[in-house]
Amino acid sequence: LWPWLLASSGLSALVQLVTLPFFPDSPSYLLIQKGNEEACRKAIRKLWGEGDHQAEIDDIMKEKGAMASTKTLRVLEVIKEPSLRWQLYILVIVMTTLQLCGINAIYFYSFEVFHTAKFEEYLIPYVSLGVGLCECLSSILCSTLIDRFGRKVLLWGGYLLMGSVLALLTTTLSLQHRFFWMHYFSVILIFLFVVFFGIGP
């Protein structure tokens, strides 16, 4: 089943490859990069239907003017630019914590935890698939929560809850040989960790 599951991702790529030539170019690309206003209008009509789309074209022209007045910086110039220092710090911290938050360890060791929890061998791949599905669903849920609570709250809350779950998971894994029900608690914690990861970071 796993080879078919992995190969299924190629189906969406094939659909995109076949249908891509029938899609119009981006109106902003045609106007800003190519400078072709007529092609831009044609693409807008194809995307949004007939009507007066002058307001959209004016917005693209404003964007073009803003891009023309903005200097393109090289990587070293971005690092040395004082006005971008805090944004750069935040970006580095967020990306570093994302890599070190423990999600890779959870995915790596989840199979062993499921095996220790006495799941049948043929069921473990499906439980692992359920973990991935949890992350997908929680990411969709995050898109609805981000407007209500903001990115900062979701990041802080996500990392706080993930840290708490990891502390509990460390405890349950240490005690799993003393209490039989600890195996199942560890499985629940893995699912919770993945959900909090999808909602937060």
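Using a 1.4 angstrom probe on heavy atoms only, work out the carbon and sulfur share of the accessible area of the chain in %.
68
As I understand it, the value is the acute angle between the Cα axis of helix 151-175 and the longest principal axis of the Cα atoms of the chain; what does it come to in degrees, rounded to 10?
Roughly 20 degrees between the two axes.
Gain in length, Arg85 to Thr116, computed as 0.36 nm per residue apart minus the alpha-carbon separation, to one decimal in nm?
Value of the extension gain: 6.4 nm.
Just to confirm the filter: which trypsin sites (Lys or Arg not before Pro) across the stretch 1-60 are DSSP coil and have at most 16 other Cβ within 10 angstrom of their Cβ?
Loop-located and lightly packed - Lys34.
Where does helix 9-19 land angle-wise versus the long Cα axis of the chain, in degrees 0 to 90, nearest 10?
Once rounded, the angle reads 10 degrees.
According to the square roots a ≥ b ≥ c of the eigenvalues of the Cα gyration tensor, what is the shape class of the stretch 10-70, taking rounded for a/c under 1.5, prolate for a/b larger than b/c otherwise, and oblate for the remainder?
Note, shape of the stretch 10-70 comes out oblate.
Can you give the extra length, in nm with one decimal, that the chain gains between Ser12 and Asp59 once fully stretched, where that is 0.36 nm per residue apart less the Cα-Cα distance?
Extending this stretch completely gives an extra 13.6 nm.
In nm, to one decimal, how far is the Val92 label point from the Leu76 one, both placed 7 Å along Cα→Cβ?
Calculated label separation equals 1.7 nm.
In the chain, once you exclude exposed GluC sites (Glu not before Pro) (DSSP loop, at most 13 other Cβ within 10 angstrom), what's the longest stretch remaining?
Maximal segment without exposed cleavage sites: 122-201.
What do you get for the angle between helix 182-199 and the principal long axis of the chain? Use alpha-carbon atoms, 0 to 90 degrees, nearest ten.
Roughly 10 degrees between the two axes.
If I model a spin label at Leu137 and Leu160 as a point 7 Å from the Cα along the Cα→Cβ vector, what separation in nanometres do I get?
Simple spin-label model gives 2.5 nm for this pair.
Could you provide, to the nearest whole Å², the per residue accessible area of the chain with probe 1.4 Å?
Accessible area per residue, the chain: 72 Å².
Just the Cα atoms of the stretch 79-148, one point each, no solvent: what log10 I(q)/I(0) does Debye give at q = 0.13, 0.21, 0.26, 0.29 Å⁻¹?
Once normalised to I(0) and log-transformed, intensities are -0.61, -0.97, -1.10, -1.16.
Checking the a/c ratio against 1.5 first, then a/b against b/c, what shape does the Cα gyration tensor give for the stretch 4-131?
oblate
The values are calculated or read from the model by the stated rules, or taken from the named source; none is laboratory data. All values reported here derive from a predicted model rather than from experimental measurement. Quick reminder, even Gly has a Cβ in these numbers, built from the backbone with ideal geometry, and neighbours come from all protein chains shown. Quick note on the areas: whole protein, heavy atoms, side chains included, nothing else; ligands and nucleic acids left out. Shrake-Rupley method; radii C 1.70, N 1.55, O 1.52, S 1.80 Å.
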